[in-house]
1. Can you give the relative contact order of region 269-335 as a percent, counting alpha carbon pairs under 8 Å and 6+ residues apart?
2. Take the Cα atoms of the chain, find their three principal axes, and give me the spread along each one in whole Å, biggest first.
3. Report, in order of residue number, the helices in the chain meeting two criteria: a C-alpha extent of 24 Å or more along the helix axis, and a mean Kyte-Doolittle hydropathy of at least 0.5; treat each whole DSSP H run as one helix.
4. By a straight-distance test (C-alpha under 23 Å), which lysines pair with Lys321 as possible cross-link partners, with residues fewer than eight away in the same chain excluded?
5. What's the exposure ranking of Leu374, Leu89, Leu53, going from fewest to most Cβ atoms within 10 Å?
6. Compute the longest continuous run of the chain that contains no exposed GluC sites (Glu not before Pro); treat a site as exposed when its DSSP state is not H, G, I, E or B and it has at most 10 other Cβ atoms within 10 Å.
7. Please check: in the Gaussian network model of the chain (C-alpha springs, under 10 Å), which one of Gly386, Gly337, Gly180 has the largest mean-square fluctuation.
8. Place a point 7 Å from the Cα of Thr313 along the Cα-to-Cβ direction; which residues of region 250-292 have their backbone N under 19 Å from it?
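What follows draws every value from the coordinates through simple rules; no lab data is involved. Note that the structure is predicted; figures quoted are calculated from it, not measured. Cβ coordinates were reconstructed from backbone atoms using ideal geometry, including for glycine residues, and neighbour counts include every protein chain displayed.
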Amino acid sequence: MVIIGAGAAGIVAAWKAATDGAEVTLLEKTNRIGTKILISGGGKCNITHDGPLEEVLRAFRPNEARFIRPACYRFPPSEIVRMLTDRGLRVYTRPDGRIFPVDQTAKDVVAILAQILGEVGVRPQLQRTVMGVRREGDRFRVMTESGEVEGRSLVITTGGSSYPNSGTTGDGWAWTDALGHSRVPIRAALAPLITDPEPAEGFPGVALRDVLLVGYAQNKEVARWRGDLLFTHHGLSGPTTLGITRVLAEHIDDGECRVAVDVCPDRQFEDLGADFQAFVQEHPKKQVSTWLDGFLPDRARAGLAAAANVDATIPVGQLPKKDRNRLIETLKRWPLGRVAEVVLPKGEVVAGGIPLTEVDPQTMMSRVCPGLFLAGEILDVAGPVGGYNLQAAWATGFVAGESAARWASDS
Ligand SMILES: Cc1cc2nc3c(=O)[nH]c(=O)nc-3n(C[C@H](O)[C@H](O)[C@H](O)COP(=O)(O)OP(=O)(O)OC[C@H]3O[C@@H](n4cnc5c(N)ncnc54)[C@H](O)[C@@H]3O)c2cc1C
C-alpha cells in the first residue's frame, strides 16, 4: 500500500499499517518527516488535548465531532501520549488541558515518531514529491518525480494548504477531484487578520491579556473568543484572533466584517463608571492615561483614547462626562477596524477539503473510490487551538492505516 504525506496522519497511518503486516511505501515531499509538527505550537508542539473524550470532541463543530468520534475512540489522546512517553518523552498537561513535551520541543516528538516508524520497518521516502494519482483496475498508480509506485490501497494525507513552505500546498485535492470526490471550498481558520485601518504606529507587538474579541459580519455579531490579543504590524493575531477567524472567513465574501475588543469582559459599564469616579475623587489631577493604566499596556492606551476621541493627557477631574462615557464605552467595545483579509497561508489549519459525507468515518475509506483512504487535514475538519487538530490527524491516520492495510490484504 502507498501513503502520501509523512505528517501527523501519514506517520501514524504508516505505523499502524506496518504493525498490521502491510508492506508500506511512505512518500514525502520535504526532506524530513513531520515538517509541520516541527513548527506546531510555536515549535513546542501541543500534541493533543486531555480530558474526557466527549469534552474533547465538543471543541469541534457538531458534524466534525460526529465524523471523528469513532476514530478518536479507536485512537484517543491517551494513545498518542502513551506511544510517545513509552519511548521516553516526558509530557505535561496545562491547566487548560493542552498537552506539551516537558522539554518544550517538537523535535523530540518527531524524533520519536521516526523511531516508531523504524521499529516497524517503514523507511519514509523523503523528497519524493507525488505529481499525480491514477486508478487502474483495482490498483492505484502514484506518479512521482522519480518514477511510479503502485498499490492496492492508497492513503492520501497531504494536509491542508497553509504554511506552504512546510510542504503543504494542497496537492492532494487535485488528485481526489480526479478520483471523483468533490470539495468544500478551502478557507482560512486559526489565522491572523489584516485590518483596515492598520493598528496605529507604535502598536505592533502589544498584547492585551484576557480580553474578549468579537467579530461582526454586516454589523451582526458572528463570533467571540476570550483570551489574549496581539497587535501586529498589519492587524491582529493571538489566541482570540485565531479563535474567530474561521467564522469571519466564512462571512467575508458576503459583506463587510469588522472586529472590536472588550478590554474588561468581566466588568459592566456602570461598574467602570464608578471606578472612574473613585479615581477622580482620589487623584483629580492625574491624567486619563493613568486611569487607563489599570486596563491596558502603555502603548495601547493612546490608541484606545484616540479611538474614543478623548485626550488622554488631560487630568481626570477635568474630563467632561460625555467624554468619560465615550472612554468607558470604548473600553467595552473598542472598534479595531474592518477585516481586510484573513491570512490563509499563515493559518494553523484550513477549513474545507474533502466533504465528510464522502468518507466512511468507521474506516476512513472514500465512499466514491473504494481502496482510497483519507485522513488528517485534507478532510473538512478544523478544530480550535489546543492540540485538537493534531489529535484529529493522529486518530484519522490510525484508522486509515488500519483499514488500508486490511483492504490491501483482502483484495
Ligand atoms: C504554525 C502551526 C502551528 C500549529 N500548532 C499546532 C499545535 O500545537 N497543535 C495542534 O494540534 N495542531 C497544530 N497545528 C495544526 C497541525 O499541525 C495540523 O493540523 C496537522 O499537522 C495536520 O496533519 P496532517 O498529517 O493532515 O498534515 P501535515 O502534518 O501537514 O502533513 C502533510 C504532509 O504531506 C506532505 N505532502 C504534501 N504534498 C505532497 C506531495 N505532493 N507529495 C508528497 N508529500 C506531500 C507534506 O510535505 C507534509 O509533510 C499547527 C499548524 C501550524 C501551521
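1. 40
2. Projected onto the principal axes, the Cα atoms of the chain cover 83, 45, 36 Å.
3. For the chain, where a helix must reach 24 Å along its axis and average at least 0.5, there are no hits.
4. Lys285, Lys286, Lys332
5. Neighbour counts put them in this order, fewest first: Leu53, Leu89, Leu374.
6. After excluding every exposed loop site, the longest remaining stretch is 202-411.
7. Among Gly386, Gly337, Gly180, the largest mean-square fluctuation in the Gaussian network model of the chain belongs to Gly180.
8. 285-292
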